1. Calculate the radius of gyration of the Cα atoms of region 99-189 to one decimal place, then report Dmax, the largest Cα-Cα distance, as a whole number, both in Å.
2. Under the definition of Cα pairs under 8 Å and six or more residues apart, what whole-number percent is the relative contact order of region 290-425?
3. Find, among the trypsin sites (Lys or Arg not before Pro) in region 106-180, those assigned to loop by DSSP (not H, G, I, E, B) with at most 11 other beta-carbon atoms within 10 angstrom.
4. Across every pair of different alpha-carbon atoms, what Kirkwood hydrodynamic radius in Å does region 193-411 reach?
5. What is the Cα centroid distance between region 247-312 and region 89-155, reported in whole angstrom?
6. What is the gain in length, in nm to one decimal, between Asn72 and Arg368 on full extension, counting 0.36 nm per residue of separation less the C-alpha to C-alpha distance?
7. Compute the convex hull volume of the Cα atoms of region 417-529, divide it by the residue count, and report the result per residue in Å³ as a whole number.
8. Work out, in µm²/s and without decimals, the Stokes-Einstein translational diffusion coefficient of region 159-268 at 37 °C, 0.692 mPa s, Rh from Kirkwood over C-alpha pairs.
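The numbers here are math on the coordinates, done by the rules we state, and not lab data. Remember, predicted model here, so these are calculated numbers, not experimental data. Neighbour counts run over all protein chains shown; Cβ positions are idealised from the backbone, glycine included.
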Amino acid sequence: MKKQYYLWPTIVALALACGIFLGGKLNFNDTPEKLFTTNSKKDKLNRLIDYIDYEYVDDINTDSIVDVTVNNILDKLDPHSVYIPKEDMAQVSENMKGDFVGIGVNFYMYKDTIAVIRAVQNGPSEEKGIKPGDRILMANTDTLYGKRLPSADIVSKLKGKEGTSVKLKIYRKTADKTFDVNIRRDRIPLASVEAQYMLREDIGYIKVNRFAESTYKEFSRALKNLQKKGAEKLVLDLRDNPGGYLGIAQKMADEFLQDGKLILYTKNKKGKVDKTYATKKGNFENKPVYVLINERSASASEIVAGALQDNDIGTIVGRRSFGKGLVQREMELGDGSAVRLTVSRYYTPTGRSIQKSYENGTEDYYERFMNRYENGELMEADSIKVADSLRFETPKGKIVYGGGGIIPDVFVPIGSHEEEAVESLDSSFGLFSRFIFDHLEEDRNRYAQMSEHHFMNKFNVDDILFENFINYAERWPLVQKLNLRYYDMEERIKGYLKAALAAQLFGPDQQARIKAENDPMLQKVLQLDRPSDTPMIRQD
């Protein structure tokens, strides 16, 4: 089996983002005999576990002791060497594989019933006529309503082997009827290209949320599609992207770099250096590209941004990235669990390591990341601390720095506390999405005949919907504590409401287009691209 390398950060960020574990398998070149020879240190641990198993006065779950021991050992190494328990491996692998086997619906648990938000386009549920708002009452003989089932249990009833069928009992509120439908399970894509559209007549936009197995293929399709629509420039949005596969990041960077340009190099404890160069395969060479990053862009995102910045390609826009320059490799532990162990460091083409220091332990490592919110560097570029000893120069003479992340070419400050709070209501709490689902449930027919073009260009969120959202939001204790001045944020909130409507009616591309209108980084890109123009987002 081929080796696969992983770049994975554990991101801590104001409840705005949560980590995704990476999937995949790998074997060492060394034989088990070489890797696992008996020695006194290993014997000591084995004997201790045996003594607890056979001699300790009380019954103890030694599996849990082993898990704690493994985690404690890894915690002494670095913040990115992690343990994946056996029970988590399937989900971890699925997240980074790029697809899963299921029926193809997005759903909420709505008043103790599974409510369909949208059926996946061209998926098995859409083909069988499942519509937004449908309730799934039963899967075969399993009842799925009237009790607070964990999402994992629900998903397990709907998933299964590829090609197998599941009989669903559906209630459709709009028609007030219940009916049965047999759906054949199929592979359902887990999109890592979150959105793609034409930002302006010559600028394409692609949002990538992780670097999974399928990401490069998704990205290539999106890029070619935008080029057919006239894209001669590209915005690559890597904000909040925590990373993923090293090889996928290399392939993506290759799209923009000429043959022979260095993408990155890695170095292990023995000093072995592996260099990766661009090939002739790039489909977007010698064309303007803007890469958007923020403080939660990490790992593989930083590889792409660093490769372009160090080769004087494109413009990096945003705020300093997370700062993760370690490479992990997955190793199975024989019982279904695995570790992702740091095996090397990576360096950008100029020789930079952008890894933050972790010499004072994991707690200090993440505390210093959180301090960015307090030391002013998210508001002012001048507040970013750099070390002259980590100063590097690109071929065209641009000064770049190592240590602690990629510093953008063009800085865009974080929003006000209230702007960020409203964003968190969307990204962390999903409040806009849930409110809009409730709104649609009241009268889906109101939007049934509305075309996408009319919605994007003519529809505006009215004051009634805005007021209803305020009443809805204030029911939540966590939101009450924010003390939001809703009327000062009226335009922004109405934009989020329209974007949430677009997501449920037409999909993520239209949601992203609407959000772009109030996105400071995208507006900065448009200003950089055509300084004399008034930034306008295409809506046709």
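1. 11.8, 34
2. Numbers: 224 pairs, mean separation 40.0, N = 136.
The value is 29 percent.
3. Numbers: sites: Lys111, Arg118, Lys128, Arg135, Lys147, Arg148, Lys157, Lys159, Lys161, Lys167, Lys169, Arg172, Lys173, Lys177; in loops: Lys111, Lys128, Lys147, Arg148, Lys159, Lys161, Lys173.
Hits after loop and neighbour filter: Lys111, Lys147, Arg148, Lys161.
4. Details: mean 1/r = 0.0560 Å⁻¹.
Here the Kirkwood hydrodynamic radius works out to 17.9 Å.
5. After rounding, the separation between the Cα centres reads 37 Å.
6. On the way: separation 296, 0.36 × 296 = 106.56 nm, distance 2.12 nm.
Working it through step by step, the gained length comes to 104.4 nm.
7. Numbers: hull volume 12.5 nm³, N = 113.
Value for region 417-529: 111 Å³ per residue.
8. Numbers: Rh = 17.2 Å.
Once the numbers are plugged in, D ends up at 191 µm²/s.
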